Amino acid sequence: MLDVALVLASSGCWFAGALLSAFSRPPERLATGLGLLGSLLALGASIHLLLGGPTSWVVFQAWGLPARLEVDALSAAFLLPLHLVGGLGLIYGRRYWPAQLPWGSGRSLRFFYGLLVAAMTLLFLARHGLVFLVAWELMAVSAFFLVGTDHEKPEVRRASWVYLACTHTGTLLLTAMVILMAQRMGGLQWTVLPVSTSPWFEGGILLLALVGFGFKAGVLPLHFWLPSAHASAPSHVSAILSAVMLKTGIYGILRVSCLLPAIPRGVGGTLLALGALTAVYGVGNALAQRDYKRLLAYSSIENLGIILMGVGLGWTGRATHDPWLMALGFGGALFHIWNHSLFKSLLFYGAGAILHATGTRDMEALGGLGRRMPRTALLVFPAVLAVTALPPFNAFLSEWFLYRGLFTSLAHGYPWSAALGLVALALAGGLAAVAFARFFGTLFLGSPRSEAAEHAHDPAGSMLLPMAVLAGLCLAVGLGAFLLLPLLDRAVAVLAPGTPALLARGLQGDLRLLAGLELVFLLLVAAGLAWLRRPEAVAAASGPQDLPTWGCGYAVPVPRAQYTGSSFADAWAPVQPGLRARRPHLRGLFPGGASFRQAFKEPVGEVFLEPRVARVAERLLRFRRFQQGHLPVYLLYVLLTLLGTFLWMLLRERLLG
């Protein structure tokens, strides 16, 4: 009872802070303090549950019916990143997007940010269909207003409306899912379904859950709203959208699957394959981006695909009654949810610092920021290594979980899905290394390509502090992952009841060995840096040998002679489905002037869906002639409809008889 009370108090603190930000003018520290207090309460309750605290719940009356709120280890596994990223974003946003902006967007942003965190907190507690849908809708609408914060720009308005249309399409499907579950359970309270002689009903619930929650998670081909929405939102909002809101789709899939008596045998392999395709598609499109926030958004699609692969592995283990495969699949998915929340939030905070200093999201207009923003470059670098799954940082270990699970699946006779997953995971890791080498190199290395990059500077300490916390956690989780295994076992036990604590027993030794090797590697790196910084080495480096490199015949090095991000990624054009390039044809000894053009269009949203939706809308415009704008005409429509209804009621027996 105590844990659920703490989490409810947390949601109340965030909501109270949001109201203070919107409807009054208190000291900003009061609203911020309420949000941070709420995060501390929820983090304390979540850690207590994951360390072995009992599941707690509360029952109350909602719309005259009993409703249940419950916090278990699975809820705690999602509350943990929500309140870590939510609290840090509150600190980061004070200087990044001040509340005292003249047009009022600062206050509205704080209101909807607090409402978003409060709604997601309630969402992770809901065990009642109607309460779940209300929390889901509050989350969706809050995110809509947050994405549209900078609504003076047409592209921002378009991104927010596309997101709203997609999220409400998913909500319609989830409403149908809740209705089917209520019919099967005999009410809106969520309980485990008994075994049924007709599996088609449960199959329909599962299909609606996969598609409805898939819209929120950004699963291929339902992802097309995501890149524009995350690029358009303020950077600390993009962080919480990517780190937590996308994962509510994963949470919904896992929570609903817990209530079903069984998962069909082939569904896990199909979901694994879908996750593999999503991962490769996301990172392939990330390579084509000039906008560094869109690059991070496509990288989120890749990582959601990796998480889905883990869920597919867990479902395969559940269908075949293989507890080790369930532990590796579900444990790897949950561990990657935590890790992605850390490094992707740090990347978006770094992107916000760059945007705050330069005013542009175009990578090709920047460069040389490592000298001008050294603290930002130092703090972003761990996230770049983490997102490419390189040791000793955290994502290396969660992907290692999945590799272990895929090899286990292959050994247990599920070759097609496991082989596809192995190829996709390896390919996604390699392409992510290319994409983020381009990201870091184009932004921080070389020379400035514009006036904006020339005058960039590090942000205020209140923006650097959350980045430092996340960078430290990326390294700490990578070195101390063996300490998290019991916590993951607690969450996996909710998804696979009766499964013993297999991760702590089966992986403790391996993770301790990996941590030792990583620690030795870090010590060697530190020793190498100390040797390079010894006084005689520094004096030699600053002497007359400090000359510019040979510039291929250029009299003076110029920024235009540098490699661009586009040229760096050009060799990978075949795996970039949305990239369109126009290359000049040079002929003769002295060719004339030529230019290279490159453009990117989202393959599903802009290339496939947008023209078809436009054609349907054009045809529907023919019905505008019925909208006369005169009240008597509308009353005539109502009268004709009533007459038609009465005639049908009078004549239907004769017509149908």
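A Förster radius of 56 Å, combined with the Cβ-Cβ distance separating Leu19 from His585, puts the computed FRET efficiency at roughly 0.35. Quick note on the chain: its Rg to Rh ratio, both from C-alpha atoms and Rh being the Kirkwood radius, is 1.01. With the simple spin-label model, which puts each label point 7 Å out from Cα in the Cβ direction, the Ala476 to Val616 separation comes to 4.9 nm. For the peptides 31-39, 333-341, 118-126, the ranking by packing is 333-341, 118-126, 31-39, with the highest mean count of neighbouring Cβ atoms within 10 Å listed first.
The overall shape of segment 6-81, judged from the alpha-carbon gyration tensor, is oblate: a/c is not under 1.5, and a/b is no greater than b/c.
Ranking Leu334, Leu443, Phe482 by how far each Cα lies toward the positive end of the dipole of segment 274-533 (charges on Cβ) leaves Leu443 at the top. A Cβ-based charge dipole, computed about the Cα centre of the chain with Lys and Arg at +1 and Asp and Glu at -1, lands at about 1300 debye. Averaging sequence separations of C-alpha pairs under 8 Å and six or more residues apart, then dividing by the length of the chain, give the relative contact order as a whole percent. Relative contact order of the chain: 12 percent. With the simple model of a label 7 Å out from the Cα in the direction of the Cβ, Leu524 to Ala9 spans 5.0 nm. Per residue of the chain, the DSSP helices (runs of n ≥ 4 H) give a summed -39500 (n - 2.57) that works out to -23500 deg cm²/dmol at 222 nm.
Site-free segments of the chain were taken between trypsin sites (Lys or Arg not before Pro) in DSSP loops having at most 11 other Cβ atoms within 10 Å, sites themselves excluded; the longest one is 1-532. Label segment 274-533 by shape, choosing from rounded, prolate and oblate, from the square roots a ≥ b ≥ c of the eigenvalues of the Cα gyration tensor; if a/c is under 1.5 it is rounded, and otherwise prolate applies when a/b is larger than b/c, oblate when it is not. Prolate is the answer for segment 274-533, as a/c is 1.5 or above and a/b outweighs b/c.
Ordering of 186-194, 129-137 by packing is 129-137, 186-194, highest average first (other Cβ atoms within 10 Å, averaged per residue).
Throughout, read-outs are computed from the coordinates displayed, never taken from laboratory work. Everything numeric here is computed off the predicted structure, so don't read it as measured data. Heads up, the Cβs are rebuilt from the backbone with ideal geometry, glycines too, and the neighbour counts pull from every protein chain shown.
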